[in-house]
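Here is the structure we will look at, set down as structure tokens.
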Amino acid sequence: MIPYGRQEVTQADIDAVEAVLRSDFLTQGPAVACFEQALASYCGAAHGVAVANATAALHLACLALDLGPGDWLWTSPNTFLASANCAIYCGARVDFVDIDPRTYNMDPAALAAKLERAERDGRLPKVVVPVHFAGQSCDMAAIGALAKRYGFRVIEDASHAVGGRYRGAPVGSCAHSDIAVFSFHPVKIVTTGEGGMALTHDATLARRLERLRSHGMTREAALMDAEPDGPWYYQQVELGYNYRITDIQAALGLSQLARLDDYVRRRHRLAARYETLLDDLPVIVPAQAADAHSALHLYPIQVDVARCGRSRRQVFDALRAAGIGVNVHYIPVHTQPYYRRMGFAIGDFPHAEAYYAQAISLPMFATLTDAQQDEVVAALRRALS
């Protein structure tokens, strides 16, 4: 089976992890800080806070921005559940903004229109979470301008986009956002096994993210309500969580970062080959925005049902039967039973729903060979005929 995504673990990665296993610190040691500093430096952000996974990073980002009961968070319906669930964890409410049918990302025009209505109705969002779907940055300049106009905070869900760029700057530079969040799940660009990171320029936000990551504890005397009993002393000053990442995971991530640019270059070569090889087939390939350089975490095509006479399900099943481990990203969040019980319904966000109805994610990972890609395309050609 050729999977839709796969990690690469090299001997250098194994050596880095082994070094930590032989060290004094398996967790809460120096490797975490090294990983944070390396990715923050790569992205041009002032601070990085590594955590157990990207869901934890989204949750902590919402808490750090004081999202809570009575507040609204808006995100894209074309995303994984966590982009919306992070608001529910904080007691806030969720709404969605439909996607641009060309890029599959949050549509800034739809966002602007929704904000105008929300301002009249007195229910503007406190936080907006644009999702860089498949690794391609949203139009962050447009979203950032709307944030300034309407006064909301911005968390970039860049779980797919480490190594990507927007207007020449790395995704994660936070030029138009308060916080950016990355994921290091094994099918992402680089991996820590499980893991995530929040990047920000704001030192106060970074310190709060660090505190919330570790039970709401602090050893800073300035934050305490009493003199410390001694050098061992700590206080819990707010409710936090155990969302730490281990040094074992951080060592793997730090080692993998050295290959990040190579991984993205290889993915772009594969994407260019897909565009050529699929040119005569009844499929729609993902568009690349002129001002974005995608990390290409995913390669989602749409089956042109009208042209091929086969349903998405028929094509999907045929590919799986041929040993191609395709997947579908994503089922629109608002159509999930949990969210339908909140009042959302099929038909609310038609562009996301239309994309989903035809979407199939083809294999895309740095170690995919040209021969394997040819096998994928040959199987797709048979499935469409």
Exercise for the section: Would you grab the residues whose amide H sits under 5 Å from the one on N327? Only those 5+ places off in sequence or on another chain, please, with H modelled 1.01 Å from N. Expected result: S361
Problem - Gaussian network model of the chain, Cα within-10 Å springs - most flexible of T75, T192, T276 - result: T276
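Cα gyration tensor of segment 229-274, axes a ≥ b ≥ c as square roots of the eigenvalues: rounded (a/c below 1.5), prolate (a/b > b/c) or oblate? Present the calculation step by step, with values, prior to reporting the outcome.
Numbers: a/c = 5.66, a/b = 3.12, b/c = 1.82.
Since a/c reaches 1.5 and a/b is larger than b/c, the shape of segment 229-274 is classed as prolate.
Could you pull out the chymotrypsin sites (Phe, Trp or Tyr not before Pro) across segment 138-247 that fall in loop regions by DSSP (anything but H, G, I, E, B) with no more than 10 other Cβ atoms inside 10 Å? Working shown, then result.
Values: sites: Y150, F152, Y166, F182, F184, W232, Y233, Y234, Y241, Y243; in loops: F152, F184, W232, Y233, Y234, Y241, Y243.
Within segment 138-247, the qualifying chymotrypsin sites (Phe, Trp or Tyr not before Pro) (loop, at most 10 other Cβ atoms within 10 Å) are W232.
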Handout entry: Dipole in debye (nearest 20) - segment 94-218, about Cα centre, beta carbon charges: Lys, Arg +1; Asp, Glu -1
Key = 320
Handout entry: Residue of D229, D24, D370 that the Gaussian network model of the chain assigns the largest fluctuation, springs spanning Cα pairs under 10 Å
Key = D229
Exercise for the section: Go through 154-161, 262-269, 298-305 and give me the packing order, highest mean Cβ count within 10 Å leading. Expected result: 154-161, 298-305, 262-269
Practice task
Find which of Q336, M217, S173 sits farthest along the positive direction of the dipole of the chain, computed with +1 on the beta-carbon of Lys and Arg, -1 on that of Asp and Glu, about the Cα centre.
Solution key: Q336
Fill in the blank from the handout: tail above 25 Å in the computed P(r) of segment 256-385, as % of all Cα-Cα pairs, reads 32
Problem - Contact order relative to length of segment 25-151, as percent, for alpha carbon pairs under 8 angstrom and 6 or more apart - result: 21
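Given contacts defined as C-alpha pairs under 8 Å and at least six residues apart, what's the relative contact order of segment 260-384, whole-number percent?
Working: 138 pairs, mean separation 43.6, N = 125.
Normalised by residue count, the contact order of segment 260-384 is 35 percent.
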Problem - Reachable lysines, given that their alpha-carbon falls under 29 Å from the alpha-carbon of K114 and they are not under 8 places away in the same chain - result: K126, K148
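By DSSP, what percent of the beta bridges with both residues in the chain are antiparallel, rounded to the nearest 5? Please list the in-between numbers first.
Working: 25 of 40 bridges.
Just about 60 percent of them are antiparallel.
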Handout entry: Rounded if a/c under 1.5, otherwise prolate or oblate - segment 243-330, Cα gyration tensor axes
Key = prolate
Completion exercise
Here the membrane-span-like helices of the chain, with no claim about any membrane, defined by DSSP H, Cα axial extent at least 27 Å and mean Kyte-Doolittle at least 0.0, are none
Exercise for the section: Starting from the Cα gyration tensor of segment 89-178, take the square roots of the eigenvalues, sort them a ≥ b ≥ c, and report rounded, prolate or oblate (rounded when a/c is under 1.5, otherwise prolate if a/b is larger than b/c, else oblate). Expected result: prolate
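Eigenvalues of the Cα gyration tensor times 5, then square-rooted: what semi-axes does that give for segment 192-244, in whole angstrom, largest first?
Numbers: eigenvalues 111, 36, 16 Å².
Listed largest to smallest, the semi-axes of segment 192-244 are 24, 13, 9 Å.
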Practice task
Evaluate the charge dipole of the chain about its Cα centre and quote only its size in Debye, nearest 20, assuming +1 on the Cβ of each Lys and Arg and -1 on the Cβ of each Asp and Glu.
Solution key: 900
Exercise for the section: Return the loop-located GluC sites (Glu not before Pro) in segment 193-279 (DSSP other than H, G, I, E, B) with at most 15 other Cβ atoms within 10 Å of their own Cβ; answer none if there are none. Expected result: E220, E238
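Relative contact order for the chain: what is it in percent, counting Cα pairs under 8 Å that are at least 6 residues apart? Don't skip to the end; give the middle numbers.
Working: 810 pairs, mean separation 87.3, N = 385.
Worked out over the chain, it gives 23 percent.
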Practice task
Using a Gaussian network model of the chain whose springs link C-alpha atoms within less than 10 Å, name the residue from Q373, Q11, Q235 with the highest mean-square fluctuation.
Solution key: Q11
Exercise for the section: Report, largest value first, the span of the C-alpha coordinates of the chain along each principal axis, in whole Å. Expected result: 75, 58, 37
Exercise for the section: Using Cα centres only, tell me the gap between segment 2-33 and segment 98-172 in whole Å. Expected result: 33
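Throughout, read-outs are computed from the coordinates displayed, never taken from laboratory work. Predicted, not measured: the structure shown is a model, and the values here were computed from it. As a convention, Cβ positions derive from the backbone with ideal geometry for all residues, glycine included, and neighbour counts pool all protein chains shown.
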